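Q: Provided herewith is a single structure, encoded as structure tokens, for subsequent inquiry.
The values are calculated or read from the model by the stated rules, or taken from the named source; none is laboratory data. What you see is a predicted model; the values in this text were computed from it and never measured. Cβ placement follows ideal geometry from the backbone for every residue including glycine, while neighbour counts extend to all protein chains displayed. Just the protein is used for accessible areas: all its heavy atoms, side chains included, with ligands, DNA and RNA removed. Shrake-Rupley method; radii C 1.70, N 1.55, O 1.52, S 1.80 Å.
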Amino acid sequence: MGRAFEFRKERKFKRWGNMARVFTRLGKEITIAAKAGGTDPDGNPRLRTLIQTAKSENMPKDNIERAIKRAVEKDQGDYKEMVYEGYGPHGIAFLIETATDNPTRTVANVRSYFNKCGGSLGTSGSVDFMFERKCVFKVKPKEGLDLEELELEMIDFGVEEIFQDEEEIVIYGSFESFGSIQKYIEENGLELISGGFERMPTVELKKLNPEEQAEIEKLIEKFENDDDVQNVYHTMSLS
């Protein structure tokens, strides 16, 4: 198993918190994708993938349709995707992805979370170099599918690693290869569960003692409970 597999093991804790937060996060992503590439899923690959992701999370059809409609409603404010960087206690680097209609509110909240937990908001680029953005897809296993052969076949499409994780096959690739990998999946009869992006640490994750780890987890919880926050990445080892 490679780096993506180890990274995924590290990420498996307290993800998104609850169903309402999942729906909020996905709804914003759907609105942003529909605004950027159009509201017709057939002509908007990113939107098509997000709709499938939402379905896999049991997001109601009405919620999906409202998120798409929001992209063309004139009285709706625009969501801006903002990334904030900083350090928590014990030298742990943080990168926080947000989608917000009020950046002033969001940056004030992010700064306050850092300050309350003994960290500090950094400047743009202060920790970004510690993370590499990847695309990631999950597909359903298929009888007779050989993962090694699939990986060799998909290398030319930008795939870097494929592995099975419980009842799904996980495919990691370069950020730029999202479209080509999605096209391969759709054209070769693989059943898509979800598709999106993740930031993978490029530095060695830092191990903390239980008390120190609890401090970092408290900060992570503050970020993840903020409706403007989409994803939280850090350099603490969770194992």
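Q: What's the extension gain from Met82 to Asn115 if we count 0.36 nm per residue and subtract their Cα-Cα distance?
A: Values: separation 33, 0.36 × 33 = 11.88 nm, distance 1.93 nm.
The Met82-Asn115 span can extend by a further 10.0 nm.
Q: With the Cα gyration tensor of the range 66-192 in hand, give its eigenvalues times 5 under a square root as the equivalent ellipsoid semi-axes, listed largest first in whole angstrom. Spell out each step's value before the answer.
A: Working: eigenvalues 253, 95, 32 Å².
Equivalent ellipsoid semi-axes, largest first: 36, 22, 13 Å.
Q: When the convex hull of the Cα atoms of the range 181-239 is projected onto a plane and the area is averaged over all directions, what value comes out in nm²? Intermediate values should be presented prior to the final figure.
A: On the way: hull surface 24.6 nm².
For the Cα atoms of the range 181-239, the hull's average projected area reads 6.1 nm².
Q: For the chain, what does the helix formula give at 222 nm: sum of -39500 (n - 2.57) over DSSP H segments with n ≥ 4, over the residue count, nearest 500 deg cm²/dmol?
A: On the way: 8 runs with 97 residues, N = 239.
Using -39500 (n - 2.57) per qualifying helix, the result is -12500 deg cm²/dmol.
Q: Same structure, new question: Quick one: net charge of Gln182's neighbours, Cβ under 11 Å, K/R +1, D/E -1? Write down the numbers at each step before the final one.
A: Working: positive: Arg46, Arg48, Lys183; negative: Glu186, Glu187.
The answer is +1.
Q: Please compute the per residue accessible area over the chain with all protein chains in place, 1.4 Å probe, rounded to a whole number of Å². Present the calculation step by step, with values, prior to reporting the outcome.
A: Numbers: 12390 Å² over 239 residues.
Accessible area per residue: 52 Å².
Q: Are there GluC sites (Glu not before Pro) in the range 104-162 that DSSP puts in a loop and that have at most 12 other Cβ atoms within 10 Å, and which ones? Kindly include the intermediate steps, with their values, before the conclusion.
A: Numbers: sites: Glu132, Glu143, Glu148, Glu149, Glu151, Glu153, Glu160, Glu161; in loops: Glu143.
Those satisfying the criteria are Glu143.
Q: With a ≥ b ≥ c the root eigenvalues of the C-alpha gyration tensor of the range 87-129, is it rounded (a/c under 1.5), prolate (a/b larger than b/c) or oblate? Mind dumping the intermediate values first?
A: Details: a/c = 2.49, a/b = 1.35, b/c = 1.84.
Taking the square roots of the gyration eigenvalues as a ≥ b ≥ c, the range 87-129 is oblate.
Q: Across the range 93-239, how many lysine pairs separated by 8 or more positions, or lying on different chains, have Cα atoms within less than 18 Å?
A: The number of close lysine pairs in the range 93-239 is 8.
Q: How do the peptides 223-234, 96-107 rank, highest first, by the average count of neighbouring beta carbon atoms within 10 Å per residue? All intermediate terms of the calculation are to be shown ahead of the outcome.
A: Details: 223-234: 20.1, 96-107: 17.2.
Output ranking for 223-234, 96-107: 223-234, 96-107.
Q: For the chain, what proportion of DSSP beta bridges, expressed in % and rounded to the nearest 5, is antiparallel? Working shown, then result.
A: Numbers: 36 of 37 bridges.
Around 95 percent of the beta bridges assigned by DSSP in the chain are antiparallel ones.
Q: Further question: Just want to confirm a number: the relative contact order over the range 105-239, from Cα pairs under 8 angstrom separated by 6+ residues, in percent.
A: Working: 163 pairs, mean separation 38.4, N = 135.
For the range 105-239, the relative contact order is 28 percent.
Q: Continuing with the same structure: In whole Å, largest first, what are the principal axis extents of the Cα atoms in the range 23-139?
A: 46, 37, 24
Q: Give me the percent relative contact order of the chain, please, defined on Cα pairs under 8 angstrom at least 6 residues apart.
A: Numbers: 369 pairs, mean separation 56.7, N = 239.
Across the chain, relative contact order equals 24 percent.
Q: Here's something else I'd like to know. At q = 0.25 Å⁻¹, what is the log10 ratio I(q)/I(0) for the range 133-214, with the Debye formula run over Cα points and no solvent?
A: Relative scattering, expressed as log10 I(q)/I(0), comes to -1.24.
Q: Which order do Lys74, Lys61, Lys218 take by accessible area at a 1.4 Å probe, largest first?
A: Numbers: Lys74 200, Lys61 145, Lys218 115 Å².
Result, largest first: Lys74, Lys61, Lys218.
Q: How large, in percent, is the carbon and sulfur part of the accessible surface of the chain at a probe radius of 1.4 Å? Walk me through the numbers on the way to the answer.
A: On the way: 5870 of 12390 Å².
Taking all protein chains in place, the chain shows 47 percent carbon and sulfur surface.
Q: Given 37 °C and 0.692 mPa s, compute D for the range 40-81 with the Stokes-Einstein relation, Rh being the Kirkwood radius over Cα pairs; round to the nearest whole µm²/s.
A: Values: Rh = 11.2 Å.
For these conditions, the coefficient is 292 µm²/s.
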